[in-house]
Amino acid sequence: MTDPAILIEGLRFAWKGHAPVLDVPSFRLARGERLFLRGPSGSGKSTLLGVIAGVLEADAGKVSVLGQDLAALSSSARDRMRADHLGVIFQMFNLVPYLSVVGNVTLPLKFSAARRKAVGGNADAEARRLLGRLGLTDDAMLDRRVSDLSVGQQQRVAAARALIGAPEIVIADEPTSALDTDARDRFIALLSEEAARTGAALLFVSHDASLARLFDRAVDLAEINRAGAIT
Amino acid sequence: MSAILSLAWKSLLNRKGSVILTLVAVALSVALFLGVDKARTGAREGFGNTISGTDLIVGAPTGTVNLLLYSVFRMGNATAEVSWPTYEKIASRPDVAWTVPISLGDSHRGFRVLGTTDAYFEHYKYGRGQPLALAEGERFSDLFDAVIGADVARELGYEIASPLVLSHGLGTASLGAGHENRPFRVVGILAPTGTPVDRTVHVSLEAITAIHVGWETGAKNPLADTIDEKMIRGFDLTPKSVTAFFVGLERKGTILTTRRAINTNKGEPLMAIIPGEALAELWSVTAFAERALMAVSVFVIAVGLVSILTSILTSLNERRREMSILRAVGARPGHIFSLLVLEAGLVGFLGALIGIVLIHAILLVAGPMVEARYGVSLAGTGPGLTDLYTLLAVTLASLFIGMVPAWAAFRRSLADGLSVKV
């Protein structure tokens, strides 16, 4: 259990027929750590997250998640790994339009027995509890179509979804870029607080360096990615 | 899988508008296909059930199908008749058990009039050998008695003792060309049979002769009306000819030899047909049209299925983000694949189900009208195996067709990774 949440050594990745986008000699995210990863758009951060999530395969090097070398896993085992241990929050449009707010939050449980087990019997109650912790308590709001929610509300629903079932790692890819400053700071505070409660490591990616102060540690992607320096 | 099914269902609900249009397309195509099929089997069963227990039908030489149509189904006309002596000669053959002579050519307000004998009520059978039954009254005994079919009674509102006047020929309102001076009286009403018998007015052969006294040239003799009923009853009313006659044999085994004997009758040429064989010939004539109709309706179903494909394919681009979200929360590419296949399958299944309900509702409402107008009974075409097979086939075909968009989404979900592109 002392394995880091994420450990990368000598990672290389290139889209077919293109120059390498990732050349990361070393990267580490400890368990329970809240890390800020700064990178402008086009710096390869989405690709890096894809590799960590096990959706993209590295060309070379080692990517370990919770001590498990992803290269050693089949693609469906990587999918299961992601389902069981990773929560993901995107920049925007995080929600499945045809599911209710609660349905969106409990969605990961449909693909992961481990997270179902962690939640216990009542998934809906747990979803409502998490939404409540993130400041979404209004029942009328919970019954609305997700597309009718404000962006800030949508991002908090996405955060609840990433946190449900207590995955070990939560990845957030520019989750606050569509929020105003107030909402942004509150969102990060809530997310950090909840991640701390469940013990999840938080990998928070943004181009906005001013957010770095809100995290345990900050890393600049340009510094760890030798390929990114080219562009 | 049930999680994916519930996702597929919710996703369809979310796109109600386009999904309903697709459902309508599938439902209409399935309803058309089943409607054609039911009309076909209904017609076949109806025709097949019209005559039973008769071994041979004999008439003047004409087409096999033609003889069957006019003698049993009251469709079309005889081109020639069989003379009475010839009829008697065949009827007295030792291998012939019974005969039912029939004489056609007159009508009553659109219903055909059939002159025959008591033997008709004894030997004419329909369905699985059911004999004719009187719902009310009795068989004809007097010269101007008539026994009417169930539809005649219902549609014209006739009861026992209602008077009726026959017309010469088959026109509905051939005033002046009628047999007004020889009114008949209803003495019996037959129970419904679902066959052309229901739409027939039955009188005795002698009555047919009687009403044609004065019509020997084919048109009404001006003096005909001067012959009163009393005088007619005094005449020898033995018919000069009959239109055709049904034959029952002593032993079924002789059917082919008896038929040959009749077909090679010396003197007046005759034609004998076996009802089942003639029906088969009729089906072979209609089979071509049936096949064409079935082919068209199968193609219409194919169009319905293509509309499922179109609606899902066009939705794929706007759903690209949805697929990425599903992948991010742990859905495997296989889940994405089954989601889209199940969506297609659900639309196909529901569309076919609606189509089946629709066609049965239509048959329930329109069935009696079709039966009254065309004599084709669509009853007994209730929900059956054909519907079940169609439902299964359409569902399977849509699952299959769903693999096209599913494969596209599958490939894309592998290539897109987690990065959500819009």
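The values are calculated or read from the model by the stated rules, or taken from the named source; none is laboratory data. Just so we're clear, the structure is a prediction, and the values are computed from it rather than from any experiment. Neighbour counts run over all protein chains shown; Cβ positions are idealised from the backbone, glycine included. The accessibility values were calculated without ligands, DNA or RNA, using every heavy atom of the protein model including side chains. Shrake-Rupley method; radii C 1.70, N 1.55, O 1.52, S 1.80 Å.
Over chain A, with every protein chain in place, what whole percent of the accessible area is carbon and sulfur at 1.4 Å, could you tell me?
Roughly 49 percent of what the probe reaches on chain A is carbon or sulfur.
Per residue of A:104-111, count partner chain C-beta atoms within 10 Å of its C-beta, then hand back the mean as an integer.
Counting Cβ atoms of other protein chains within 10 Å of each residue's Cβ and averaging gives 5.
Can you pull out the chymotrypsin sites (Phe, Trp or Tyr not before Pro) in segment A:1-108 whose DSSP state is coil and whose Cβ has at most 15 other Cβ atoms within 10 Å?
Those satisfying the criteria are A:Trp15.
To check you understand DSSP bridge types, tell me what percent of the beta bridges within segment B:56-273 (both residues inside) are antiparallel, rounded to 5.
80
What are the GluC sites (Glu not before Pro) within segment B:132-167 that DSSP puts in a loop, where the Cβ has at most 16 other Cβ atoms within 10 Å?
The qualifying sites are B:Glu138, B:Glu159.
Say the dipole of chain B comes from +1 at the beta carbon of Lys and Arg and -1 at that of Asp and Glu; which of B:Val30, B:Ile336, B:Ser324 then lies farthest toward its positive end?
The residue sitting most towards the positive pole is B:Ser324.
Give the percent of DSSP beta bridges with both residues in the protein assembly as shown that are antiparallel, rounded to the nearest 5.
Counting only bridges with both partners in the protein assembly as shown, antiparallel ones make up about 65 percent.
Any chance you could check segment A:6-51 for residues losing 20 Å² or more of accessible area when the partner protein chains are in, compared with the chain on its own (1.4 Å probe)?
A:Trp15, A:Ser46
Amide H of A:Ala14 versus every other amide H placed in the peptide plane: which residues, excluding those fewer than 5 positions away on the same chain, fall under 5 Å?
A:Val21, A:Asp59
Got a number for carbon plus sulfur as a percent of segment B:56-273's accessible area, 1.4 Å probe?
After summing per-atom areas, the C and S share lands at 54 percent.
Starting from segment B:1-44, pick out the trypsin sites (Lys or Arg not before Pro) whose DSSP state is loop and whose Cβ has at most 15 other Cβ atoms within 10 Å.
Values: sites: B:Lys10, B:Arg15, B:Lys16, B:Lys38, B:Arg40, B:Arg44; in loops: B:Arg15.
In loop regions of segment B:1-44 (DSSP not H, G, I, E or B), there are no sparsely surrounded trypsin sites (Lys or Arg not before Pro).
Taking square-rooted eigenvalues a ≥ b ≥ c of the alpha carbon gyration tensor, is segment A:138-212 rounded, prolate or oblate, where a/c under 1.5 means rounded and, failing that, a/b exceeding b/c means prolate?
Oblate, because a/c is 1.5 or more while a/b does not exceed b/c.
Assign one of three labels to the protein assembly as shown, namely rounded, prolate or oblate, based on the Cα gyration tensor with a ≥ b ≥ c the square roots of its eigenvalues; rounded applies when a/c is under 1.5, prolate when it is not and a/b is larger than b/c, and oblate otherwise.
Verdict is prolate for the protein assembly as shown.
Whats the longest run of chain B with zero chymotrypsin sites (Phe, Trp or Tyr not before Pro) that are DSSP loop and have at most 15 other Cβ atoms within 10 Å?
Result, exposed sites excluded: B:1-214.
Compute accessible area for segment B:1-27 by itself and then with all protein chains, 1.4 Å probe, and report residues whose area falls by 30 Å² or more.
In segment B:1-27, residues shielded by partner chains: B:Ala3, B:Leu7, B:Lys10, B:Asn14.
5 Å is the cut-off here: which amide hydrogens, built 1.01 Å from N in the peptide plane, fall below it relative to A:Ala218, excluding neighbours closer than 5 in sequence?
Here the answer is A:Phe36, since their amide H atoms fall under 5 Å of that of A:Ala218.
Find the accessible area per residue for chain B; the probe is 1.4 Å, ligands and nucleic acids are left out, and the unit is Å².
45
Interface B/A, total buried accessible area with a 1.4 Å probe, nearest 100 Å²?
2300
With θ set to phi - 60°, apply the Karplus curve 6.51 cos²θ - 1.76 cosθ + 1.60 along segment B:38-51 and write out the HN-Hα couplings as whole Hz, x wherever there is a Gly or Pro.
These are the phi-based 3J(HN,Hα) values: 6, 4, 5, 5, x, 5, 4, 5, x, 5, x, 8, 6, 10 Hz.
Dividing the convex hull volume of the alpha carbon atoms of segment B:241-301 by its residue count, what do you get in Å³ per residue? Kindly include the intermediate steps, with their values, before the conclusion.
Values: hull volume 8.2 nm³, N = 61.
Convex hull of Cα atoms, per residue: 135 Å³.
With bins 5 Å wide starting at 0, give me the P(r) of segment B:56-273 over every alpha carbon pair, in whole percents.
1, 7, 15, 19, 20, 17, 12, 6, 3, 1, 0
Expressed as a whole number of Å, what is the distance separating the alpha-carbon centroids of segment B:231-249 and segment B:62-138?
Computed from Cα coordinates, the inter-centre distance equals 12 Å.
Would you mind working out the magnitude of the charge dipole of segment B:56-273 relative to its Cα centre, with +1 at each Lys and Arg C-beta and -1 at each Asp and Glu C-beta, to the nearest 20 Debye?
840
Can you work out the Karplus-derived ³J(HN,Hα) for every residue in segment A:44-53? Use 6.51 cos²θ - 1.76 cosθ + 1.60 with θ = phi - 60°, whole Hz, and x for glycine or proline.
x, 6, 5, 5, 4, 5, x, 5, 5, 6
For chain A, set up a Gaussian network in which alpha carbons nearer than 10 Å are linked by springs, and say which option among A:Ser177, A:Ser64, A:Ser192 fluctuates the most.
A:Ser177
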